[in-house]
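Okay, structure first, notes after.
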Amino acid sequence: MFSNYQLDSFKDRTTPFYFYDLNLFRKTLDQIKEHGVSKGYHVHYALKANSHPRILDEVIKAGLSADCVSGGEVERAIECGFSPSKIAFAGVGKRDIEIEIGLENNIQCFNVESVQELEVINELASQNNQVAKIALRINPNVDANTHKYITTGLKENKFGINEKDLPDIFELLPSLKHIELIGIHFHIGSQIEELKPFKELCLRANELNETFENKGYKLTIINVGGGFGINYSSPDSSGIPDFKKFFETFEKHLKLKSHQQLHFELGRSVVGQSGSLITRVLYTKTGIEKNFAIIDAGMTELIRPALYQAKHEIQIISDQSGRTNKQYDIVGPICESSDVFRTDYEIPELKRGDILAIRSCGAYGEVMKSRYNLRHEIGTAFSDEIE
């Protein structure tokens, strides 16, 4: 991924910083267009994965819509050029002021996650004599077989509406004069590496679609969310997820009505492999049983290893000729014992000043950074600026 020219440019930059390969990102978007958009599917890009304006500019050029989970993301999407008519607003805890942002901008759809939220949106919409278009996010109780912190579609997750609440909703909806139900929405989790959970989602969506049809609701949107994972262990050989197989799973197993559109909300799979966190080795030291490499990036720049026990590949991009491999715990500078990127990680012997790339950081990396320990803000670079 990294050329000698890029390495020479990196040497002059203050680390740590995020680096994005726009060429790979554009190729990924092309695959989504070829295997998804070309079939008439509506793909919303999840801003929570990465909301950098340069990234969003490429998404807009590719013709994708936006998936937002806060009022701030709705505002960012509009500021960067997304049409409000292509914005879906999800989130289990929307504040009144955030709902009002969606209403003021006449966004495409609110993905509603509770009975009470339905009533609140109806009340707020009535104040300006508006009708809010909504989709009901329903828990299909499908196990995504992923980390417990990013599983979202089980019956006891905080997200979405349980099927047992549907009778109450069917009774309530006719009285909500400022609500228009246009769809149903699902999202079963994140970093899903197998296609089986998506097949199971399709089967449950088919059943629920029939339930609404039998109740007289002609839904126009079936939104199956996102969650398609990336290969963290092989970022170079698997730089672009297999979108062909992903979209074919829904084409084969989801039964849409003639008046219905299929919507997706993809984030990590779109941008994850395009980003790397570039960092330097500050110090190396030998413990009793371990070797440590202390780098200048920490959990403040990339929290996924500490939060999810995520394992990112780490690549040395300095000249490594003549070096033999050695095992290290690669750790950051933050005053927390959890500030560890990899343990017992084999890599060419490291020296102070070596430049490393922590790979597959394009999603849930830069957007989750913090100023804990009063860390300085870090920079961002794109391949267009390097090559």
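Could you check how many residues of region 248-285 are assigned to a helix (DSSP H, G or I), of a type outside the set (S, T, N, Q) and surrounded by 24 or more Cβ atoms within 10 Å (Cβ to Cβ)? Explain how you work it out, then say what you get.
Within region 248-285, the first condition is being assigned to a helix (DSSP H, G or I), and the residues that meet it are 248-253, 268-274.
Narrowing further to those that are of a type outside the set (S, T, N, Q): 248, 250-253, 268, 270-272.
Subset that is surrounded by 24 or more Cβ atoms within 10 Å (Cβ to Cβ): 268, 270-272.
The number of residues fulfilling the criteria is 4.
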**Request:** For region 179-216, name all the residues that are acidic (Asp, Glu), closer than 20 Å to residue 251 by Cβ and over 20 Å from the mean Cα position of the chain (by Cα).
**Result:** 200, 207, 210
**Asked** From the residues in region 12-52 that are part of a helix (DSSP H, G or I) and in contact with a strand residue (DSSP E or B) (Cβ under 7 Å, 6 or more places away or on another chain), which one is surrounded by the most Cβ atoms within 10 Å (Cβ to Cβ)?
**Response** 32
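Which fully enclosed strands (runs of 3 or more DSSP E) of region 329-387 have 3 or more residues being in contact with a Leu (Cβ under 9 Å, 6 or more places away or on another chain) and either among the hydrophobic types (A, V, I, L, M, F, W, C) or surrounded by fewer than 19 Cβ atoms within 10 Å (Cβ to Cβ) (or both)? Give the derivation first.
Details: elements: 340-348, 355-358, 379-382.
Where strands (runs of 3 or more DSSP E) fall fully within region 329-387 and carry at least 3 residues being in contact with a Leu (Cβ under 9 Å, 6 or more places away or on another chain) and either among the hydrophobic types (A, V, I, L, M, F, W, C) or surrounded by fewer than 19 Cβ atoms within 10 Å (Cβ to Cβ) (or both), they are 355-358.
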**Selection status of residue 208, over 23 Å from residue 89 (Cα atoms) and in contact (Cβ under 8 Å) with a residue 24 or more places away in the chain** = no
**Asked** Cβ-Cβ below 7 Å, separation at least six or inter-chain, first residue in region 323-339 and in the same structural domain as residue 352 (by TED's automatic domain parsing), second of a type in the set (Ser, Thr, Tyr): which pairs?
**Response** 327/345; 328/345; 329/343; 330/345; 334/300; 334/372
**Fill in**
How many residues of region 286-318 are in contact with a helix residue (DSSP H, G or I) (Cβ under 9 Å, 6 or more places away or on another chain) and surrounded by fewer than 24 Cβ atoms within 10 Å (Cβ to Cβ)? The answer is 10
**Prompt:** Among (1) within 16 Å of the chain's Cα centre (by Cα); (2) in a helix (DSSP H, G or I); (3) aliphatic (A, V, I, L, M), where does residue 78 come up short?
**Reply:** (1)
**Request:** Using the structure shown, decide if residue 311 is part of a loop (DSSP other than H, G, I, E, B), under 23 Å from residue 7 (Cα atoms) and touching a residue at least 12 places away in the same chain (Cβ under 8 Å).
**Result:** no
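The values are calculated or read from the model by the stated rules, or taken from the named source; none is laboratory data. Keep in mind it's a predicted model, so treat the numbers as computed, not measured. With ideal geometry, Cβ positions are generated from the backbone for all residues, glycine too; neighbour counts draw on all protein chains shown.
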